[in-house]
Amino acid sequence: MDSKDTEKRIKELEKKVAVLEDLEAIKRLQRSYGYYLEHWMYEEVIDCFSDRPDTTLNIMVGIFLGKEGIKRYFSGEKARGTNPEVLHQIMQLSGVVDVSPDGKTAQGRWYGWGAAALPSGKRIMQNLTAGIYTAGYIKEDGKWKIWKLMWNPVIMADPTKGWVKPERVAAISAEELPPAPRPDKPRDINTKYPSGYIPPFHYPHPVTGKKTSERKHNVALKIKGAE
């Protein structure tokens, strides 16, 4: 292999590495968005989006335009983040991402599956939810951000009723499970709903590079073991 072929091969490999790095950065961004959304960490969620005026968030309540529109929606619901009974868990699953040839934009598709508990006064609305995210991403100042995000719900159902009509559901009797093996020691922290506990993030925000706010949240809720 002569020097020209070697140089060409090196450039091809560098391009492939760049694409792989972009894919990992985008997947990290989308997954982080899901974790922040779970406990309505609205500041971190907003920072995931592009600063462009044509940035869009298309969800069930409507379409929000630009970074200001997205900020208006998430910060307008910020009280959710201080209520330990709020759960907005939508797992970001089976992501398929493609980066454009110029490396400046990308498209993605993800399954979303999870559960929600939304307090209103003395009542709480609970549901199971599933759907598909279609997303557009853009690189700004070397950082990938969410540019276009659309949530396409497929299932929204009360878990006590399910999402299939009662007359179509077969009655199934589940046998009692055997007891679990004896543990070496008890758990030292309560993570179950409605504790409001946010497990620590081992990484900074993928766009801002800042340390996230879960410790402050956990301490404010006086969660034992979260200090």
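Read-outs: derived from the displayed coordinates by stated rules, not from any lab. Keep in mind it's a predicted model, so treat the numbers as computed, not measured. Virtual Cβ from ideal backbone geometry, glycine too; neighbours counted across all protein chains shown.
Our estimate of slack between residue 216 and residue 150, defined as 0.36 nm per intervening residue step minus the Cα-Cα distance, is 20.7 nm. Among 20, 221, the ranking by other beta carbons within 10 Å of each residue's beta carbon, starting with the fewest, stands as 20, 221. Taking region 91-111 and a reference point 7 angstrom along Cα→Cβ of residue 143, the backbone N atoms nearer than 20 Å belong to 103-107. If you take the alpha carbon radius of gyration of region 61-106 and divide it by 2.2 N^0.38 Å, what ratio comes out, to two decimals? Rounded to two decimals, the normalised Rg is 1.66. Can you tell me how region 80-185 classifies by the Cα gyration tensor, rounded, prolate or oblate, using a/c under 1.5 as the rounded cut? In terms of gyration-tensor shape, prolate.
For the residue pairs 27/222; 27/67; 11/210, alpha carbon separations beyond 26 Å are given by 27/222; 11/210. For region 1-61, rounded, prolate or oblate, judged on the Cα gyration tensor with a ≥ b ≥ c (square roots of eigenvalues), a/c < 1.5 rounded, else prolate if a/b > b/c? In terms of gyration-tensor shape, prolate. About its Cα centre, region 117-173 has a charge dipole of approximately 100 debye under the convention of +1 per Lys or Arg Cβ and -1 per Asp or Glu Cβ, with nothing else charged. The sum of -39500 (n - 2.57) across all DSSP H runs of n ≥ 4, divided by the residue count of the chain, sets its helix-only mean residue ellipticity at 222 nm to -8500 deg cm²/dmol. Taking θ as phi - 60°, what are the ³J(HN,Hα) couplings along region 137-143 by the Karplus curve (6.51, -1.76, 1.60), each to the nearest whole Hz, with x for Gly and Pro? 3J(HN,Hα) across region 137-143, in whole Hz: 10, 9, 9, 10, 6, x, 10. What's the local net charge at residue 27, with K and R +1, D and E -1, over the other residues with C-beta under 13 Å away? So the surrounding residues net to -1. Could you state the angle between the C-alpha long axis of helix 3-38 and the longest principal axis of the C-alpha atoms of the chain, as a value from 0 to 90 degrees rounded to the nearest 10? For 3-38 against the chain, the angle is about 20 degrees. For the chain, the mean projected area of the C-alpha convex hull, equal to one quarter of the hull surface, is 19.7 nm². The residue among 34, 83, 56 whose Cα reaches farthest toward the positive pole of the charge dipole of region 1-144, with charges on the beta-carbon of Lys, Arg, Asp and Glu, is 83. Does anyone have the angle between helix 66-76 and the longest principal axis of the chain? Alpha-carbon axes, 0 to 90°, nearest 10? Orientation of helix 66-76: about 20 degrees from the principal axis. What FRET efficiency comes out for the pair residue 105/residue 126, r = Cβ-Cβ distance, R0 = 41 Å, nearest 0.05? According to the calculation, E is roughly 0.65.
Here region 79-97 and region 189-227 have alpha carbon centers that stand 14 Å from each other. In a reduced charge model with +1 at each Lys and Arg Cβ and -1 at each Asp and Glu Cβ, region 69-162 shows a dipole moment near 280 debye about its Cα centre.
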